[in-house]
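Okay, so here's the structure we're looking at.
The values are calculated or read from the model by the stated rules, or taken from the named source; none is laboratory data. As the structure is a computational prediction, the values presented were derived from the model and not from experiment. Cβ: placed from backbone, ideal geometry, glycine included. Neighbour counts: every protein chain shown. Note: areas computed on protein heavy atoms with side chains; ligands, DNA, RNA excluded. Shrake-Rupley method; radii C 1.70, N 1.55, O 1.52, S 1.80 Å.
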Amino acid sequence: QFQSTHSWLPLIKSVKSGNLFPSLSNIDMSARAFLFYPYLTLWIYGLMAWLIGIKGIIMVSTVVFPACSFYLLYRIFSRQLNELWSITVSLTCILAFSDWPFRSFLIGIIKGISISELTTIQPLEIAHYPIPSFSVFIFLLAFYFSTEQKKLTFVRITLFTCLWGLFSQVHAVDALYGLAFWFIYFPIRFYRQSGKQPDSIYIKTIISQV
(Lines give C-alpha, C1' and ligand atoms only; values in the text may rest on other atoms or scores of the structure.)
Protein backbone atom coordinates (compact mmCIF):
# COMPACT_ATOMS: atom_id res chain seq x y z
CA GLN A 1 0.00 0.00 0.00
CA PHE A 2 2.90 2.36 0.76
CA GLN A 3 4.37 1.72 -2.68
CA SER A 4 1.01 2.33 -4.37
CA THR A 5 0.58 5.69 -2.63
CA HIS A 6 4.12 7.06 -2.57
CA SER A 7 5.71 5.55 -5.70
CA TRP A 8 2.96 4.98 -8.26
CA LEU A 9 0.40 7.64 -7.38
CA PRO A 10 2.68 10.62 -8.16
CA LEU A 11 3.44 9.08 -11.56
CA ILE A 12 -0.26 8.46 -12.26
CA LYS A 13 -1.13 12.03 -11.29
CA SER A 14 1.65 13.32 -13.55
CA VAL A 15 0.24 11.36 -16.51
CA LYS A 16 -3.23 12.66 -15.68
CA SER A 17 -1.83 16.20 -15.88
CA GLY A 18 -0.52 15.55 -19.41
CA ASN A 19 3.04 14.32 -18.84
CA LEU A 20 3.10 11.09 -20.85
CA PHE A 21 6.65 10.15 -19.84
CA PRO A 22 6.91 10.91 -16.13
CA SER A 23 9.75 9.88 -13.85
CA LEU A 24 10.06 10.12 -10.11
CA SER A 25 13.26 12.14 -10.41
CA ASN A 26 11.27 14.84 -12.21
CA ILE A 27 8.55 14.81 -9.57
CA ASP A 28 10.69 14.39 -6.48
CA MET A 29 14.46 14.80 -6.78
CA SER A 30 14.96 12.57 -3.73
CA ALA A 31 13.06 9.66 -5.29
CA ARG A 32 15.27 7.32 -7.32
CA ALA A 33 13.48 4.01 -6.76
CA PHE A 34 12.57 3.21 -10.39
CA LEU A 35 14.93 2.54 -13.26
CA PHE A 36 12.22 1.33 -15.67
CA TYR A 37 8.73 2.70 -16.09
CA PRO A 38 5.86 0.57 -17.47
CA TYR A 39 4.40 3.41 -19.51
CA LEU A 40 1.40 1.49 -20.87
CA THR A 41 0.28 0.83 -17.30
CA LEU A 42 0.84 4.47 -16.36
CA TRP A 43 -1.05 5.73 -19.41
CA ILE A 44 -4.05 3.51 -18.71
CA TYR A 45 -4.09 4.53 -15.06
CA GLY A 46 -3.66 8.18 -16.01
CA LEU A 47 -6.68 7.89 -18.32
CA MET A 48 -8.67 6.13 -15.58
CA ALA A 49 -7.72 8.85 -13.08
CA TRP A 50 -8.92 11.48 -15.54
CA LEU A 51 -12.22 9.64 -16.13
CA ILE A 52 -13.14 8.36 -12.65
CA GLY A 53 -10.68 10.07 -10.30
CA ILE A 54 -8.17 8.66 -7.83
CA LYS A 55 -10.89 7.16 -5.61
CA GLY A 56 -12.30 5.45 -8.67
CA ILE A 57 -9.00 3.81 -9.66
CA ILE A 58 -8.51 2.64 -6.07
CA MET A 59 -11.93 0.96 -6.20
CA VAL A 60 -11.25 -0.60 -9.60
CA SER A 61 -7.78 -1.78 -8.54
CA THR A 62 -8.81 -3.27 -5.21
CA VAL A 63 -12.14 -4.82 -6.28
CA VAL A 64 -12.71 -5.05 -10.04
CA PHE A 65 -9.27 -6.19 -11.26
CA PRO A 66 -8.82 -8.83 -8.50
CA ALA A 67 -12.34 -10.13 -9.14
CA CYS A 68 -11.64 -10.34 -12.88
CA SER A 69 -8.32 -12.09 -12.17
CA PHE A 70 -10.15 -14.65 -10.04
CA TYR A 71 -12.66 -15.25 -12.84
CA LEU A 72 -9.88 -15.70 -15.41
CA LEU A 73 -8.05 -18.12 -13.11
CA TYR A 74 -11.27 -20.06 -12.68
CA ARG A 75 -11.78 -20.25 -16.45
CA ILE A 76 -8.17 -21.36 -17.00
CA PHE A 77 -8.23 -24.06 -14.30
CA SER A 78 -11.70 -25.26 -15.34
CA ARG A 79 -10.18 -26.46 -18.62
CA GLN A 80 -8.55 -29.30 -16.67
CA LEU A 81 -10.30 -29.39 -13.26
CA ASN A 82 -13.87 -29.70 -12.06
CA GLU A 83 -15.76 -26.67 -10.77
CA LEU A 84 -14.99 -27.14 -7.06
CA TRP A 85 -11.27 -27.60 -7.60
CA SER A 86 -11.14 -24.70 -10.05
CA ILE A 87 -12.73 -22.34 -7.51
CA THR A 88 -10.54 -23.62 -4.67
CA VAL A 89 -7.25 -23.30 -6.56
CA SER A 90 -8.25 -19.88 -7.94
CA LEU A 91 -9.08 -18.59 -4.47
CA THR A 92 -5.79 -19.95 -3.15
CA CYS A 93 -3.93 -18.01 -5.83
CA ILE A 94 -5.77 -14.78 -5.02
CA LEU A 95 -5.71 -14.97 -1.20
CA ALA A 96 -2.08 -14.05 -0.59
CA PHE A 97 -0.68 -11.22 1.52
CA SER A 98 2.58 -9.33 1.11
CA ASP A 99 3.56 -9.90 4.74
CA TRP A 100 2.82 -13.63 4.58
CA PRO A 101 4.83 -15.74 2.08
CA PHE A 102 2.59 -17.64 -0.32
CA ARG A 103 4.33 -20.96 0.36
CA SER A 104 3.71 -20.63 4.12
CA PHE A 105 0.13 -19.59 3.41
CA LEU A 106 -0.42 -22.62 1.17
CA ILE A 107 1.13 -25.01 3.71
CA GLY A 108 -1.15 -23.55 6.38
CA ILE A 109 -4.20 -24.16 4.17
CA ILE A 110 -3.16 -27.79 3.58
CA LYS A 111 -2.67 -28.30 7.33
CA GLY A 112 -6.21 -27.08 7.94
CA ILE A 113 -5.33 -23.83 9.73
CA SER A 114 -8.25 -21.42 9.59
CA ILE A 115 -8.13 -18.43 7.24
CA SER A 116 -8.48 -16.05 10.21
CA GLU A 117 -5.18 -17.32 11.63
CA LEU A 118 -3.36 -17.15 8.32
CA THR A 119 -4.47 -13.69 7.27
CA THR A 120 -3.82 -10.23 8.61
CA ILE A 121 -5.85 -7.03 8.47
CA GLN A 122 -4.31 -5.60 5.33
CA PRO A 123 -5.13 -5.51 1.61
CA LEU A 124 -4.50 -8.60 -0.42
CA GLU A 125 -1.22 -8.54 -2.35
CA ILE A 126 -3.20 -8.50 -5.60
CA ALA A 127 -5.11 -5.40 -4.44
CA HIS A 128 -1.99 -3.20 -4.60
CA TYR A 129 -2.12 -0.92 -7.60
CA PRO A 130 -1.23 -0.66 -10.38
CA ILE A 131 1.12 -3.61 -9.84
CA PRO A 132 0.18 -6.38 -9.31
CA SER A 133 -3.55 -5.61 -9.51
CA PHE A 134 -3.57 -4.46 -13.13
CA SER A 135 -0.52 -6.41 -14.34
CA VAL A 136 -1.82 -9.77 -13.07
CA PHE A 137 -5.19 -9.17 -14.72
CA ILE A 138 -3.59 -8.34 -18.08
CA PHE A 139 -1.17 -11.29 -17.77
CA LEU A 140 -4.03 -13.71 -17.14
CA LEU A 141 -6.06 -12.17 -19.96
CA ALA A 142 -3.17 -12.68 -22.40
CA PHE A 143 -2.54 -16.20 -21.08
CA TYR A 144 -6.23 -17.15 -21.37
CA PHE A 145 -6.54 -16.11 -25.02
CA SER A 146 -3.06 -17.40 -25.92
CA THR A 147 -3.97 -20.91 -24.77
CA GLU A 148 -7.42 -21.12 -26.33
CA GLN A 149 -7.89 -24.29 -28.32
CA LYS A 150 -8.07 -22.52 -31.66
CA LYS A 151 -6.06 -23.20 -34.79
CA LEU A 152 -2.70 -21.45 -34.73
CA THR A 153 -2.11 -19.44 -37.88
CA PHE A 154 0.86 -17.26 -38.73
CA VAL A 155 -1.22 -14.15 -38.02
CA ARG A 156 -2.44 -15.46 -34.67
CA ILE A 157 1.07 -16.50 -33.58
CA THR A 158 2.51 -13.13 -34.62
CA LEU A 159 -0.28 -11.27 -32.83
CA PHE A 160 0.40 -12.99 -29.50
CA THR A 161 4.17 -12.66 -29.93
CA CYS A 162 3.66 -8.89 -30.28
CA LEU A 163 1.25 -8.78 -27.35
CA TRP A 164 3.64 -10.65 -25.03
CA GLY A 165 6.44 -8.35 -26.15
CA LEU A 166 4.26 -5.28 -25.54
CA PHE A 167 3.57 -6.62 -22.05
CA SER A 168 7.00 -5.26 -21.07
CA GLN A 169 5.27 -1.88 -20.88
CA VAL A 170 2.80 -3.32 -18.38
CA HIS A 171 5.27 -5.20 -16.17
CA ALA A 172 8.82 -5.93 -17.32
CA VAL A 173 9.47 -9.02 -15.17
CA ASP A 174 6.11 -10.63 -15.98
CA ALA A 175 6.84 -9.99 -19.66
CA LEU A 176 9.93 -12.20 -19.40
CA TYR A 177 7.81 -15.01 -17.93
CA GLY A 178 5.16 -14.47 -20.57
CA LEU A 179 7.60 -14.52 -23.48
CA ALA A 180 9.38 -17.60 -22.09
CA PHE A 181 6.02 -19.37 -21.79
CA TRP A 182 4.90 -18.34 -25.28
CA PHE A 183 8.10 -19.41 -27.04
CA ILE A 184 7.83 -22.82 -25.40
CA TYR A 185 4.07 -23.19 -25.82
CA PHE A 186 3.38 -22.16 -29.41
CA PRO A 187 6.11 -24.26 -31.13
CA ILE A 188 4.79 -27.36 -29.33
CA ARG A 189 1.17 -26.54 -30.19
CA PHE A 190 2.09 -25.72 -33.79
CA TYR A 191 4.13 -28.94 -34.07
CA ARG A 192 1.20 -31.06 -32.87
CA GLN A 193 -1.22 -29.13 -35.08
CA SER A 194 0.94 -29.81 -38.17
CA GLY A 195 0.67 -33.56 -37.60
CA LYS A 196 4.06 -33.87 -35.91
CA GLN A 197 5.72 -33.43 -39.30
CA PRO A 198 7.75 -30.20 -39.21
CA ASP A 199 8.19 -28.71 -42.67
CA SER A 200 9.60 -25.49 -44.10
CA ILE A 201 6.47 -23.54 -43.08
CA TYR A 202 6.86 -24.68 -39.47
CA ILE A 203 10.54 -23.73 -39.38
CA LYS A 204 9.97 -20.36 -41.08
CA THR A 205 7.16 -19.53 -38.66
CA ILE A 206 9.33 -20.27 -35.63
CA ILE A 207 12.27 -18.26 -36.97
CA SER A 208 10.10 -15.31 -38.00
CA GLN A 209 8.83 -14.88 -34.43
CA VAL A 210 12.37 -14.53 -33.10
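Observations, loosely collected:
- Pairing each residue of segment 179-194 that is among the small types (Gly, Ala, Ser) with any residue that is surrounded by fewer than 16 Cβ atoms within 10 Å (Cβ to Cβ), provided the two are 6+ apart or on different chains, yields C-beta distances under 8 Å for SER194/ILE201; SER194/TYR202.
- Flag if SER146 is among the small types (Gly, Ala, Ser) and within 21 Å of ARG79 (Cβ to Cβ): yes
- Verdict on TRP164 being farther than 20 Å from LEU42 by Cα, touching a helix residue (DSSP H, G or I) at 6+ places or on another chain (Cβ under 6 Å) and surrounded by 18 or more Cβ atoms within 10 Å (Cβ to Cβ): no
- Of the helices (runs of 4 or more DSSP H) lying entirely inside segment 97-188, the ones with 2 or more residues being modelled with pLDDT of 85 or more are found at 133-146, 154-166.
- Test: residue in segment 137-152 that is in contact (Cβ under 8 Å) with a residue 12 or more places away in the chain, of a type in the set (Val, Ile, Thr), open to solvent by less than 40 Å² (accessible area, probe 1.4 Å) and touching a Ser or Thr at 6+ places or on another chain (Cβ under 8 Å): no
- Answer from TYR202, TYR185, TYR191, TYR177 - the residue that is aromatic (Phe, Trp, Tyr), more than 21 Å from PHE70 (Cα to Cα) and open to solvent by 50 Å² or more (accessible area, probe 1.4 Å): TYR191
- Selection of segment 64-95 for residues being in contact (Cβ under 8 Å) with a residue 40 or more places away in the chain and open to solvent by less than 80 Å² (accessible area, probe 1.4 Å) yields PHE65, PRO66, CYS68, SER69, LEU72, LEU73, ILE76.
- Residue within segment 195-206 that is under 19 Å from PRO38 (Cβ atoms) and touching a helix residue (DSSP H, G or I) at 6+ places or on another chain (Cβ under 7 Å) present: no
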